[in-house]
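Undergrad: Here it is, the structure, as structure tokens.
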Amino acid sequence: MTPFIGITGSYDYNSSMAYLRDGYYEAVEKAGGIPVILLPLEDKTSIPNIIRRLDGVILTGGPDIDPVYFGEPPKLNLGRVCPRRDEFEIALARECIELKKPILGICRGMQIINVAFGGSVFQDIRAEIKGALKHLQDAPTWYGSHEIEITDLDSRLYGVTGVKKMKVNSYHHQSIKLVAPRFTVTAVSGDGIIEAIETVRRDIFCMGVQWHPEYMWQKDHFQFMIFKHFIDFIAG
Ligand code: MN
């Protein structure tokens, strides 16, 4: 059966609107899934019901994560945060694991997974990591601006791509600091910044990438394979 894939929507407080960029849902459709936008509901009691009806979840990119979720006060260079997405998505990630629903985290989505299970992020790469590369590219969105190295050859990520190095785009000014227990780093950039993680548990599918494959998949087959592998895994 064609899997239903929930994709978390963005939220704009100024216009009171939830929305989703087309790269995400078109990739899911192209890979053989039925995309469904997940709205950042304030009443979280519905989350178990939502997850039960879905076959998998994609956590999307977006603004910074409120450091309150990993026990830090907000530093000077913290960017915009979205409280209703933070709360909804952290609860969503935990429920997915609880119900063993496959989950793919993209950019902020990877960081949400990490924070939801006890990890943390650097609030601002520029201020906190000496010698960091440019992770907020000015190049076109589909362009791979920095290299990553897949460091874990037993990982799903390596299984999907089959290459040790590739170029990815980069739109993050936060990055993973402390990796959550039972997760492992699968890829890094040249400055040591964590670019992909996944769970070490073999009974669930939970992986995250720091870049944006939804901007790249039409031009880069490796990036399409991330979505395709996710949907194929679910479809069995
Ligand atoms: Mn990057």
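Conditions tested, residue by residue: (1) under 15 Å from Tyr24 (Cβ atoms); (2) loosely packed, with under 14 Cβ neighbours inside 10 Å.
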residue: Arg53; (1), (2): no, yes
residue: Val57; (1), (2): yes, no
residue: Pro67; (1), (2): no, no
residue: Gly79; (1), (2): no, yes
residue: Arg84; (1), (2): no, no
residue: Arg94; (1), (2): no, no
residue: Ile97; (1), (2): no, no
residue: Ile103; (1), (2): yes, no
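Undergrad: Scan the range 119-144 for residues that are within 16 Å of Ile194 (Cα to Cα), surrounded by fewer than 19 Cβ atoms within 10 Å (Cβ to Cβ) and not hydrophobic (A, V, I, L, M, F, W, C) and jot them down.
TA: Scanning the range 119-144 gives Asp124, Arg126, Glu128, Lys130, Gly131, Lys134.
One line per residue, one yes/no per condition, for (1) over 16 Å from the mean Cα position of the chain (by Cα); (2) surrounded by fewer than 17 Cβ atoms within 10 Å (Cβ to Cβ); (3) part of a loop (DSSP other than H, G, I, E, B):
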position	(1), (2), (3)
Leu157	no, no, no
Ala180	no, no, yes
Gly192	yes, yes, yes
Lys219	yes, yes, yes
Met225	no, no, no
Lys228	no, no, no
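Undergrad: Filter the range 162-178 for residues that are in contact (Cβ under 8 Å) with a residue 12 or more places away in the chain, more than 16 Å from the ligand (Cβ to nearest atom) and not basic (Lys, Arg) and give the result. Give the derivation first.
TA: Within the range 162-178, the subset in contact (Cβ under 8 Å) with a residue 12 or more places away in the chain is 163-178.
Filter once more, so that each one left must be more than 16 Å from the ligand (Cβ to nearest atom): 163-164, 178.
Across the range 162-178, the qualifying residues are Val163, Leu178.
Undergrad: With assigned to a loop (DSSP other than H, G, I, E, B), in contact (Cβ under 8 Å) with a residue 12 or more places away in the chain and touching a strand residue (DSSP E or B) at 6+ places or on another chain (Cβ under 8 Å) as the only criterion, which of Gly119, Gly131, Gly109, Gly105 stands out?
TA: Values: Gly131 fails: touching a strand residue (DSSP E or B) at 6+ places or on another chain (Cβ under 8 Å); Gly109 fails: assigned to a loop (DSSP other than H, G, I, E, B); Gly105 fails: assigned to a loop (DSSP other than H, G, I, E, B).
Unique residue meeting the criteria: Gly119.
Undergrad: Could you list all residues from the range 194-217 that are hydrophobic (A, V, I, L, M, F, W, C), within 14 Å of the ligand (Cβ to nearest atom) and in a loop (DSSP other than H, G, I, E, B)? Spell out the reasoning first.
TA: Keep residues of the range 194-217 that are hydrophobic (A, V, I, L, M, F, W, C), which gives 194, 196-197, 200, 204-207, 209, 211, 216-217.
Imposing the further condition that a residue be within 14 Å of the ligand (Cβ to nearest atom) reduces the set to 194, 196-197, 209, 211, 216.
Correct list: Trp211 only.
Undergrad: Additional query: Return the pair list, or none, for Cβ contacts closer than 9 Å from residues in the range 45-63 that are farther than 16 Å from Gly9 by Cβ and in contact (Cβ under 8 Å) with a residue 40 or more places away in the chain to residues that are of a type in the set (Ser, Thr, Tyr) and in a loop (DSSP other than H, G, I, E, B), at least 6 apart or on different chains.
TA: From the range 45-63, the pairs are Asp55/Thr2.
Undergrad: A further question follows. Please verify whether the range 33-41 includes one or more residues that are surrounded by fewer than 19 Cβ atoms within 10 Å (Cβ to Cβ), within 16 Å of the chain's Cα centre (by Cα), aliphatic (A, V, I, L, M) and over 18 Å from Gln223 (Cβ atoms).
TA: Scanning the range 33-41, I find at least one residue that is surrounded by fewer than 19 Cβ atoms within 10 Å (Cβ to Cβ), within 16 Å of the chain's Cα centre (by Cα), aliphatic (A, V, I, L, M) and over 18 Å from Gln223 (Cβ atoms), so the answer is yes.
Undergrad: Then there's this: Hey, could you check the range 14-47 for residues that are in contact with a Ser or Thr (Cβ under 9 Å, 6 or more places away or on another chain) and assigned to a loop (DSSP other than H, G, I, E, B) and say which is farthest from Gly105 (Cα to Cα)? Spell out how you get there, then give the answer.
TA: Keep residues of the range 14-47 that are in contact with a Ser or Thr (Cβ under 9 Å, 6 or more places away or on another chain), which gives 17-21, 23-24, 32-34, 37-40.
Cutting the leftovers down to assigned to a loop (DSSP other than H, G, I, E, B) gives us 20-21, 32-33, 39-40.
Details: Leu20: 15, Arg21: 15, Gly32: 18, Gly33: 16, Leu39: 16, Pro40: 16 Å.
This residue is Gly32.
Taken together, the values in this text are just the output of simple stated rules run on the coordinates, not laboratory data. Just so it is clear, the structure is predicted and the values come from calculations on it, not from any experiment. As a convention, Cβ positions derive from the backbone with ideal geometry for all residues, glycine included, and neighbour counts pool all protein chains shown.
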